[in-house]
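To start, the structure under review is shown below, and the notes come after it.
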Amino acid sequence: MLPAQQARGVGRALLERAFPRGRGEVRSIIATTDVRALARYYGADTAARFPLLTFGGAPSDARGSGRLEAAPLQEHAAALADVAAVERAVLGYGRGEAELRWLLEQREGYLYRRGGRSVGFAFVGHGGSGPIAALDADDLPEQLLHVEARAHALGVKSLSFQVPGPTRSPPATSWAAASAWTRGSTS
């Protein structure tokens, strides 16, 4: 909606029709991070269930703690089965080998291991970053720092991540606090 047309009650009326008070059915909204819109959604008795934060900026040569081993998937294509297994554990399904190979044609891929066990994966390149997954949310900051460093090494000028908000995954936001490039925009 155009700014001049906002605050005239149209959004309120739409929400009242879509979410009448006292109606017990579960409904969902894929919402914005616009503060005015969020205020309207909260006013209609909705609640944030899966907030995503977007961090963006110029990547730096970030360094993690070294807890995880990052194995390039291009050198170990047989590890695609491990990527699919991590994805199945995180999402309940895994991409097929053809889709993972397509991702490897577009981006660098990494399998993260700790103690010889596969614990996550990530893809990064000039076309963007992701998908990225971690079996343990505590590993996500380390993976994101590695992806940021790889983007920097590749000469990527701008990188953005969408990470789970603090109500679902506090370790993801701890990465943002530790990362120097998040001085850029957040939404």
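Values in this text are rule-based calculations from the coordinates and carry no lab data. Quick caveat: nothing in here was measured; it's all calculated off a predicted structure. Here Cβ is always computed from backbone atoms with ideal geometry, including for glycine, and neighbour counts include all displayed protein chains.
Side notes on the structure shown:
- Using the Cβ-Cβ distance between SER158 and GLU69 with R0 set to 25 Å, the FRET efficiency works out to roughly 0.35.
- Ordering of 143-150, 105-112, 126-133 by packing [mean C-beta count within 10 Å, highest first]: 143-150, 105-112, 126-133
- Shape category assigned to the range 68-153 from the gyration tensor of Cα positions, a/c cut at 1.5: rounded
- Net charge of neighbours whose Cβ lies under 14 Å from the Cβ of GLY66, counting Lys and Arg as +1 and Asp and Glu as -1: +1
- Cβ-defined net charge surrounding ARG117, 15 Å radius [Lys, Arg +1; Asp, Glu -1]: -3
- Phi angles across the range 100-107 convert, under the Karplus curve 6.51 cos²θ - 1.76 cosθ + 1.60 with θ = phi - 60°, into 3J(HN,Hα) values of 5, 5, 4, 4, 5, 6, 9, 8 Hz, Gly and Pro given as x.
- On the beta carbon distance between ALA58 and ALA37, with R0 = 35 Å, the FRET formula returns roughly 0.80.
- Extension gain, LEU91 back to LEU14 (0.36 nm per residue minus Cα-Cα distance, nm): 24.5 nm
- Ordering of 87-93, 116-122 by packing is 116-122, 87-93, highest average first (other Cβ atoms within 10 Å, averaged per residue).
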